[in-house]
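Here's the structure, in structure tokens; my notes come after.
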Amino acid sequence: MTTADVLMAALGAVALGAGLLVVTTRHVVRAGLWLVVALGAIAGLYLVLTAELVAWVQVLVYVGAVVVLLLFAVMLTRAPIGASDDLDRVRWPGALIGGGAGAGLVVLLIDAFRWSRVALPEPGTAERLGAALFRTWVLPFELLSVLLLAALVGAIVVSRPDIGARGRG
Amino acid sequence: MHPALPFTIAALLFGIGVYGVVVRRNAVLMLMAVELMLNAVNLVFVTADAAIRAAVPHSGQSFTLFVIVLAAAEIGVGLALILQLYRLRRSVVIDELPLGEPDDR
């Protein structure tokens, strides 16, 4: 066990615990706040795995934007503030499918990598990642900008009733 | 660094996300579980980038950035749909949705 392993085990425990609370808590707002903890722990895991830029993008986009949007949606749909018992349906099919998927993937990945040991690669700084993005992956990068524009226009059209009503008529 | 450790974390996180998607009845909570699944996939990408010496350096981390952008687009459109649903039905409980035209229109 090296320092990186200990750090990863600790951050992974935090991420898994917070993730479990996201899907089991009876408070809608607290689920969003536990999601912040889980996403922050995953950003820490990225840092241990030397993915600097990805970690900061995770903090900016996920913790900064996505969670705020989710909390906005919680408020706008008038979710119950206190604890509510009707957030879940029957649990055993979900536990069966989720546990099966998780256990199957664990077996698959551990079988592929065993307890092998690799040296950490050179850190993914903004300079190196930018070079990879704009040399090798420039076409998907540009396609993503078109996709973001389409998602923006789609979100506006869906959420404005005066535009949406015409299409339905 | 043992790659089995983060791979195990990612697989378990994906299982938790699947459980949330199947069990949760509130549409916003279901989207949160989808975010957990997407993060598990991102963790697999970053770990594979560190564990496997690929011909193109840092391709796993580049794909993680792409998935983060896709998740942002997905959450924008998804929340717009949920808000519109709430405006029409006054409820975001996904297993009580009557199909067809709403009555008040």
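Structure above, values below:
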read-out: Burial ranking of peptide ranges A:103-110, B:76-83, A:38-45, B:12-19 (average Cβ count within 10 Å, highest at the top); value: B:12-19, A:38-45, B:76-83, A:103-110
read-out: Dipole in debye (nearest 20) - chain A, about Cα centre, beta carbon charges: Lys, Arg +1; Asp, Glu -1; value: 420
read-out: Residues A:Leu21, B:Leu99, sorted so that the one with the fewest Cβ neighbours within 10 Å comes first; value: B:Leu99, A:Leu21
read-out: Cα-based Kirkwood hydrodynamic radius, the range A:3-136, one decimal, Å; value: 17.5
read-out: At R0 = 35 Å, FRET efficiency that the Cβ-Cβ distance of A:Leu7 and A:Ala95 yields, to 0.05; value: 0.70
read-out: Inter-chain shielding of B:65-72 (mean C-beta neighbours from other protein chains, 10 Å cut-off); value: 6
read-out: Kyte-Doolittle at least 1.6, axis length at least 15 Å by Cα - qualifying DSSP helices, chain A; value: A:3-24, A:28-48, A:138-159
read-out: Folded to 0 to 90 degrees: helix B:27-51 orientation relative to chain B principal axis, Cα; value: 10
read-out: Two-decimal log10 I(q)/I(0) for the range A:31-110, as the Debye equation yields it once each C-alpha is a single scatterer, q = 0.14, 0.17, 0.25 Å⁻¹; value: -0.74, -0.96, -1.05
read-out: Inter-chain Cβ neighbour average for residues A:11-21, partner chain, 10 Å; value: 5
read-out: Footprinting exposure proxy for B:Ser62, A:Ser159, A:Ser116, B:Ser91 (fewest neighbouring C-beta atoms within 10 Å first); value: A:Ser116, B:Ser91, A:Ser159, B:Ser62
read-out: The range A:1-108 - percent relative contact order, Cα under 8 Å, separation 6 or more; value: 26
read-out: Top of B:Ala27, B:Ala50, B:Ala40 by mean-square fluctuation, Gaussian network on chain B, Cα under 10 Å; value: B:Ala50
read-out: Packing-based exposure ordering (other Cβ within 10 Å, fewest first) of A:Leu53, B:Leu97, A:Leu144; value: B:Leu97, A:Leu144, A:Leu53
read-out: Nearest 10 degrees, 0 to 90: helix B:4-23 Cα axis against chain B principal axis; value: 10
read-out: The range B:4-94: relative contact order as a whole-number percent, Cα under 8 Å and 6+ apart; value: 31
read-out: Shielding score for A:30-37, defined as the mean number of other chain Cβ atoms within 10 Å; value: 2
read-out: Convex hull projection area averaged over all views, chain B, Cα basis, nm²; value: 7.9
read-out: Radius, Kirkwood style, for the protein assembly as shown when every pair of distinct Cα atoms is counted (Å); value: 19.7
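Readers should treat all values here as calculations from the given coordinates under stated rules, not as data from a laboratory. None of the values given here were measured: they were computed from a predicted structure. In this analysis, Cβ positions are derived from the backbone assuming ideal geometry, glycine residues included, and neighbour counts consider all displayed protein chains.
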